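We did not get these values from a lab; they are worked out from the coordinates using the rules stated. All values derive from a computational prediction rather than experimental measurement. Every residue, glycine as well, gets a Cβ built from its backbone with ideal geometry; the counts of neighbours run over all protein chains shown.
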Amino acid sequence: MAQVCNNCGKGRQKATSWKKIMSKLDPTDRYFQKPNLHEVKLKTGKKAKVCTKCQRKLAKENKLN
């Protein structure tokens with residue numbers, strides 16, 4: 001649960017890097033991409049880990065300090 005946005009639930013996603021081998025692309029490495037999370041203090045006084053997209057949305061709605 002440490003790598004999940006508390007607002008929208010965005011979590012890690014599986015990704016693949018491709019390398020060209022003998023004129024064809026081959027999926028060689030599989031890894032996880034993590035969301036860009038920040039710890040933000042809300043107006044209620046609680047701290048929450050939110051992604052940057054939710055952070056911008058909350059700032060527009062004036063829910064952040």
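Across segment 1-41, what is the number of residues that are farther than 26 Å from residue 61 by Cβ and part of a loop (DSSP other than H, G, I, E, B)?
Of the residues in segment 1-41, 3 are farther than 26 Å from residue 61 by Cβ and part of a loop (DSSP other than H, G, I, E, B).
Going by the conditions given, is residue 52 among the hydroxyl-bearing types (Ser, Thr, Tyr) and touching a strand residue (DSSP E or B) at 6+ places or on another chain (Cβ under 9 Å)?
Answer is yes for this residue.
Out of everything in segment 2-33 that is of a type in the set (Gly, Ala, Ser) and touching a Pro at 6+ places or on another chain (Cβ under 9 Å), what residue ends up being surrounded by the most Cβ atoms within 10 Å (Cβ to Cβ)?
11
Could you grab me the full set of residues in segment 41-65 that are over 10 Å from the mean Cα position of the chain (by Cα), among the aliphatic types (A, V, I, L, M) and within 16 Å of residue 9 (Cβ to Cβ)?
48, 58, listed by residue number.
So which residues in segment 47-65 are surrounded by 12 or more Cβ atoms within 10 Å (Cβ to Cβ) and either part of a loop (DSSP other than H, G, I, E, B) or acidic (Asp, Glu) (or both), if there are any at all?
The one that is surrounded by 12 or more Cβ atoms within 10 Å (Cβ to Cβ) and either part of a loop (DSSP other than H, G, I, E, B) or acidic (Asp, Glu) (or both): 63.
Exactly one condition in (1) touching a residue at least 12 places away in the same chain (Cβ under 8 Å); (2) surrounded by fewer than 12 Cβ atoms within 10 Å (Cβ to Cβ); (3) not in a strand (DSSP E or B); (4) not small (Gly, Ala, Ser) is not met by residue 44; state its number.
The number of the failed condition is (1).
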